[in-house]
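Some notes on the structure that comes next.
A short reminder: the numbers here are calculations on the coordinates, not readings from a lab. Just so you know, these numbers come straight off a predicted model, no measurement behind them. No Cβ is skipped: glycine too gets one built from the backbone with ideal geometry, and neighbour counts run over all protein chains shown.
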Amino acid sequence: MTSTDVPTTDEGAYADLAGLAAAPLWRQYGDLMPAQPVSPAVAHLWPYARLRPLALHFSTALSIAEAERRVLMLVNPGLTDPPATVNTLFAGIQIIMPGETARTHRHSANAFRFIIEGDGAVTTVNGERLRMHPGDLLLTPGWHWHDHAHDGDTPMMWLDGLDYPLVNSLHAGFFEIYDHPAPPPRTPDELSTRQFMHGRLNPTWLTPDTEHPKVSPVGNYPWAETERALAAIADDAQGSAAEGILLEYTNPWTGGPVLPTIGARIARLRAGFTGLPRRHTASTIYHVVSGSGATTVGDTRLDWSERDIFCVPGWAQYSHQVPPGSDATLFSYTDEPVLRTLGLYREQWL
Ligand code: 1HN
């Protein structure tokens, strides 16, 4: 058919449209404009006790040079291609062995690590050496050079959180390897943490990075401080009806989330806690720091215990329960900052 031919049948008209890389909206309207969010992501739990031996297996089977980063990806059964843990975010378990170095690289995706076990590894972020201890939250904001080196004597494992699913869906992914010898540190070890640790006392001689105001200047949020913050509240605050004593790690310049795309939180759920069910458009990934309990997501019940990782997709109804006897502590991260920035955050108590 030439471009001047006029189709005489519906079928011919639809075929001609497809041939022009065009399509009839009326055949897809409901899929494109659902009454409420429809997500292929499912609620899922990854048991740490099952992942750990596999991480240890690959720590001897595969050199860190071959791997770039030795990371077990936690892939949502509904989000396998491309692999992601929830719509916008990734979770993985990284293992590094004594004597190993994961070379310096950078990516436009924002990242953080939450340390699960081991001691003695150091990550260097844009020239600042940061020592990692269990429970520490270390930031690797987008396009910051970073490497990991381990001079301790036990395997070191941590949770990696990245926003690469979001960054790649925006076609904004860049990656670069630093193929020179590692440069000497540019600042005294842990200086950013020491300068900002007290939260309400900021250094007057520094100014926020005006190009990246939504990136926290803090390299490490140490567990010792996090524990102190929770202990200071003890049983005196009521907390959130859905998430218990939920504290947000903040950017000291803004009081807002630590990264432009990722909010990170720690929660203490008291023994016997029953959260009110709700849903919100933000997706969340949880890591159990201590204790055990269950999270009901729609019709799925996720029974979690220490060190497990689980996810709650956006707009899924969920509630947490902790049995009587002992408290639970949950680290979590969320794409809520993205949804809020774009005016797309909604929540509903059910
Ligand atoms: C990455 O570069 C790191 O730098 C960790 O340690 C986890 C997961 C997916 C893609 C890149 C790291 C990663 C990653």
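Using unit Cβ charges (K, R positive; D, E negative) and no other charged atoms, how large, in debye to the nearest 20, is the dipole of the chain about its Cα centre?
640 debye
For Ala232 and Leu191 in one chain, what is 0.36 nm times their gap in residues minus the Cα-Cα distance, to one decimal in nm?
Gain on stretching Ala232 to Leu191: 12.3 nm.
Rounded to the nearest 10 degrees, what's the angle between the helix 10-19 long axis and the longest principal axis of the chain, both from Cα atoms, 0 to 90?
40 degrees
If we sort 71-81, 104-114 on the protection proxy, mean other Cβ atoms within 10 Å, highest first, what's the order? If you can, show how the numbers build up before the last one.
On the way: 71-81: 16.1, 104-114: 20.8.
Peptide ranking by packing, descending: 104-114, 71-81.
When the convex hull of the C-alpha atoms of the chain is computed, what volume per residue in Å³ does it have?
Cα-based convex hull of the chain, divided per residue, equals 191 Å³.
Using 7 Å Cα-to-Cβ label points, what is the Asp299/Ala224 separation (nm, one decimal)?
Taking the simple label geometry, Asp299 and Ala224 are separated by 5.0 nm.
How high is the relative contact order of region 97-166, in percent, counting Cα pairs under 8 Å that sit 6 or more residues apart?
Relative contact order comes out at 47 percent.
Mind checking the log10 I(q)/I(0) for region 84-160 at q = 0.11, 0.22 Å⁻¹? Debye, one equal scatterer per Cα, no solvent, two decimals.
For region 84-160 at q = 0.11, 0.22 Å⁻¹, log10 I(q)/I(0) is -0.25, -1.00.
Go through 8-15, 138-145 and give me the packing order, highest mean Cβ count within 10 Å leading.
Ranked from most to least packed, the peptides come out as 138-145, 8-15.
Give, in nm to one decimal, the length gained when the segment between Met33 and Arg278 is fully stretched (0.36 nm per residue of separation minus the Cα-Cα distance). Let's see the in-between values first.
On the way: separation 245, 0.36 × 245 = 88.20 nm, distance 2.29 nm.
Value of the extension gain: 85.9 nm.
At R0 = 25 Å, how high is the FRET efficiency between Ala61 and Leu246 if r is their beta carbon distance? Nearest 0.05 is fine.
Approximately 0.05, to the nearest 0.05.
Given contacts defined as C-alpha pairs under 8 Å and at least six residues apart, what's the relative contact order of region 83-203, whole-number percent?
Worked out over region 83-203, it gives 36 percent.
Given +1 on the Cβ of Lys and Arg, -1 on the Cβ of Asp and Glu, and no further charges, what dipole in debye does region 219-350 carry about its Cα centre, rounded to the nearest 20? If you can, show how the numbers build up before the last one.
Details: 10 positive and 14 negative charges, 52 e Å.
Computed about the Cα centre, the dipole is about 240 debye.
Applying the Karplus parametrisation 6.51 cos²θ - 1.76 cosθ + 1.60 with θ = phi - 60° to the phi angles of region 78-91, what ³J(HN,Hα) value in whole Hz is obtained for each residue in order, glycine and proline being reported as x?
x, 9, 8, 9, x, x, 8, 8, 10, 2, 10, 10, 10, 10
Kirkwood hydrodynamic radius (Cα pairs, Å) of region 112-223?
Working: mean 1/r = 0.0650 Å⁻¹.
So the Kirkwood estimate lands at 15.4 Å.
Calculate, for Thr204 and Trp349, the FRET efficiency according to 1/(1 + (r/R0)^6) with r their C-beta to C-beta distance and R0 45 Å; round to the nearest 0.05.
Once the sixth-power term is evaluated, E becomes 0.60.
In degrees between 0 and 90, to the nearest 10, how far off the longest principal axis of the chain does helix 223-233 point, with axes built from Cα atoms?
With both axes taken from Cα atoms, the answer is about 90 degrees.
Which order, highest average first, do 203-211, 150-158, 235-243 follow once you tally other Cβ atoms within 10 Å for each residue and take the mean per peptide?
Working: 203-211: 9.3, 150-158: 18.7, 235-243: 13.3.
Ranked from most to least packed, the peptides come out as 150-158, 235-243, 203-211.
If contacts are Cα pairs under 8 angstrom and at least 6 residues apart, what is the relative contact order of the chain in percent?
Averaging sequence separation for qualifying contacts and normalising by length gives 16 percent for the chain.
Quick check: the angle from helix 48-61's long axis to the longest principal axis of the chain, C-alpha only, nearest 10 degrees?
80 degrees
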